[in-house]
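Structure record follows, encoded as structure tokens.
The values are calculated or read from the model by the stated rules, or taken from the named source; none is laboratory data. Just so we're clear, the structure is a prediction, and the values are computed from it rather than from any experiment. Don't worry about glycine lacking a Cβ; one is built from the backbone with ideal geometry, like all the others, and counts go over all protein chains shown.
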Amino acid sequence: MPFNRLILIGFVLAVIGAVLPFLIVMRVVPSTYLTNFLAYTASTLGIFLAVIGVAMYVGGERRKNRDDWDDK
């Protein structure tokens, strides 16, 4: 999977993981074990996927820069 998709999916999940608890506190969404677990899981998965996507991007850029350096 391309790194930009991982970053985008991670960002969306992290936003869901931040908005859902806000809606729970404002009593728009009822506070149940399921909604609390979904908010926690979305936030955690979003952060992990975004970090993995950024790591893939940095690794690719370093590899590209190293190849450019070796060619000179």
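So here's what we get for this one:
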{"item": "Near pairs, Cβ below 7 angstrom, 6+ apart or cross-chain, from region 4-30 (in contact (Cβ under 8 Å) with a residue 60 or more places away in the chain) to any residue that is in a loop (DSSP other than H, G, I, E, B) and of a type in the set (G, A, S)", "result": "none"}
{"item": "Residue within region 57-72 that is of a type in the set (S, T, Y), modelled with pLDDT of 95 or more and assigned to a helix (DSSP H, G or I) present", "result": "no"}
{"item": "Subset of region 1-34 [modelled with pLDDT of 95 or more and not in a helix (DSSP H, G or I)]", "result": "M26, R27, V28, V29, P30, S31, T32"}
{"item": "Residue that is farthest from I47 (Cα to Cα), among those in region 11-37 that are among the β-branched types (V, I, T) and either in contact with a Gly (Cβ under 7 Å, 6 or more places away or on another chain) or surrounded by 13 or more Cβ atoms within 10 Å (Cβ to Cβ) (or both)", "result": "V29"}
